[in-house]
Amino acid sequence: MSRDLVFAYPGDLETRTGGYGYDRRVVAALADLGWNVELISLGDGFPNPNAKQLDDAGRMLSGLADDSLVLIDGLAFGVMGEWAGREAKRLKIMALVHHPLALETGLDGERQQALAAREKAALAQTRGVIVTSHMTATELAANYAVPAERIVVAIPGMDPALLAAGGGDPPLILSIGTLTRRKGHDILISALERLRDLPWTCRIVGSKMLDPGVAAELERQVAQSGLGDRIELAGQIDDTRLEFAKADIFALASRYEGYGMVFAEALAQGLPIVGCAAGAVPDVVPEGAGFLVPPGDPDAFAAALRRLLEEPETRISMADAAAIAGARLPSWRDTAVIISDFMERAS
């Protein structure tokens, strides 16, 4: 078969989130495997486009030649069911789902149901669906009527990384994630307020632009905590490897993750982890490499952090377990081979 692929995505592919990072690395690795990848940005507004934005995106894709193989990022595709229904017989449509749109934090029940229905309708028009975790595969099969044989799991790859040096005085707690409600930075800050008796500093890295309202709330929360000299909202950092290298503990209180690439990065650099048992995080962070507590519980999150701060032997043991788990993660080439083979079979 032809190895020509159109990869369509919303917004800017250079956006610094885990999902866009996955997209960039997979596109590059597919090119290394011999795929001719054409990139198409579907524009802004997704996953909540207005009528014109949605129509413009559909018009771009409808201009593709018959039998084109097109892989569409789920952040846009989840609301493109009407377009997919019109074009599914003419185009070979596949979807890349990082996590279902209806599982985003902060949606009311009516909006959740509407998004789930739209994404289910869109996915019904695909020849195959690529997901980034086994948890998402299970979710799509159980609740979105996607047959298991039309789903493939391609977990994110990982680059070789030097282990974090650690030994900070005071210990540095690192958190990386866009400043959105789903990432749970409010829970982390609340937990840190309960630990003001211990020595530590915390650096929260992530874009403030995707949800300026949440970013402003977090800035107020830090100011009101009286810990502004110890908690830094650092904004977006293009290369986070140095951030990991300087840290002693990785902590992210996500309320949900379709995979959680940043947890895998923390493992690869040998950092003990405090996170939440939410979404696919328990699939990424093995027992022994960190503490996973219930989501939305600052007391439990604080207790886990306290153990790592007060028990150096526990911190060292979990760092060792993290490094071992990180060394077992696949490469980006491994991830791309899974996707490449699946597209060849499904199309």
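The values are calculated or read from the model by the stated rules, or taken from the named source; none is laboratory data. None of the values given here were measured: they were computed from a predicted structure. Here Cβ is always computed from backbone atoms with ideal geometry, including for glycine, and neighbour counts include all displayed protein chains.
For this structure, a couple of remarks:
- Of all residue pairs spaced 6 or more apart or on separate chains, those with beta-carbon atoms under 9 Å, a first member in segment 2-31 that is at positive phi and a second member that is buried (at least 21 other Cβ atoms within 10 Å of the Cβ) are Gly11/Leu42; Gly11/Phe46; Gly11/Leu75; Gly11/Ala76.
- Leu179 touching a helix residue (DSSP H, G or I) at 6+ places or on another chain (Cβ under 9 Å), closer than 29 Å to Phe301 by Cα and not polar (S, T, N, Q): yes
- Members of segment 32-67 found to be within 18 Å of Val129 (Cβ to Cβ) and either touching a residue at least 60 places away in the same chain (Cβ under 8 Å) or out of contact with any Phe, Trp or Tyr (no Cβ under 8 Å at 6 or more places or on another chain) (or both), listed by number: Phe46, Pro47
- Residue in segment 42-93 that is farthest from Gln112 (Cα to Cα), counting only those that are of a type in the set (S, T, N, Q) and surrounded by 15 or more Cβ atoms within 10 Å (Cβ to Cβ): Ser68
- Tally, over segment 58-99, of residues that are in a loop (DSSP other than H, G, I, E, B), at pLDDT 95 or above, under 28 Å from the mean Cα position of the chain (by Cα) and farther than 20 Å from Ala346 by Cβ: 1
- Restricting Asp248, Asp297, Asp320, Asp283 to those that are in contact with a Ser or Thr (Cβ under 7 Å, 6 or more places away or on another chain) and among the acidic types (Asp, Glu) reduces the list to Asp283.
- Any hit, segment 145-167, residues being closer than 30 Å to Gln221 by Cα, of a type in the set (Asp, Glu) and surrounded by fewer than 20 Cβ atoms within 10 Å (Cβ to Cβ): no
- Residue match in segment 186-199 (condition: of a type outside the set (A, V, I, L, M, F, W, C) and more than 13 Å from Leu305 (Cβ to Cβ)): yes
- Residue satisfying condition, being under 17 Å from Ser2 (Cα atoms) and of a type outside the set (Ser, Thr, Tyr), within set Met343, Met318: Met343
Matching residues to (1) more than 17 Å from the chain's Cα centre (by Cα); (2) in the same structural domain as Gly21 (by TED's automatic domain parsing); (3) in a helix (DSSP H, G or I):
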position	(1), (2), (3)
Gly258	no, no, no
Glu265	no, no, yes
Gly270	yes, no, no
Gly296	yes, no, no
Leu305	yes, no, yes
Leu308	yes, no, yes
Glu313	yes, no, yes
Met318	yes, no, yes
Phe342	yes, yes, yes
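- Where a residue in segment 178-203 is over 30 Å from Tyr20 (Cβ atoms) and its partner, wherever it lies, is among the polar types (S, T, N, Q), with Cβ under 8 Å and at least six apart: Glu193/Ser225
- Residue in segment 183-199 that is at pLDDT below 95, under 17 Å from the mean Cα position of the chain (by Cα), within 30 Å of Ala102 (Cβ to Cβ) and among the charged types (D, E, K, R) present: no
- Candidates are the residues of segment 161-177 that are at pLDDT below 95 and not small (Gly, Ala, Ser); the one that is farthest from Gln269 (Cα to Cα) is Asp169.
- Segment 132-152: number of residues that are in contact (Cβ under 8 Å) with a residue 60 or more places away in the chain and not in a helix (DSSP H, G or I): 3
- Any hit, segment 282-291, residues being surrounded by fewer than 24 Cβ atoms within 10 Å (Cβ to Cβ) and assigned to a strand (DSSP E or B): yes
- Count of segment 224-244 residues, restricted to those that are under 20 Å from the mean Cα position of the chain (by Cα), surrounded by fewer than 18 Cβ atoms within 10 Å (Cβ to Cβ) and under 16 Å from Val214 (Cα atoms), is 3.
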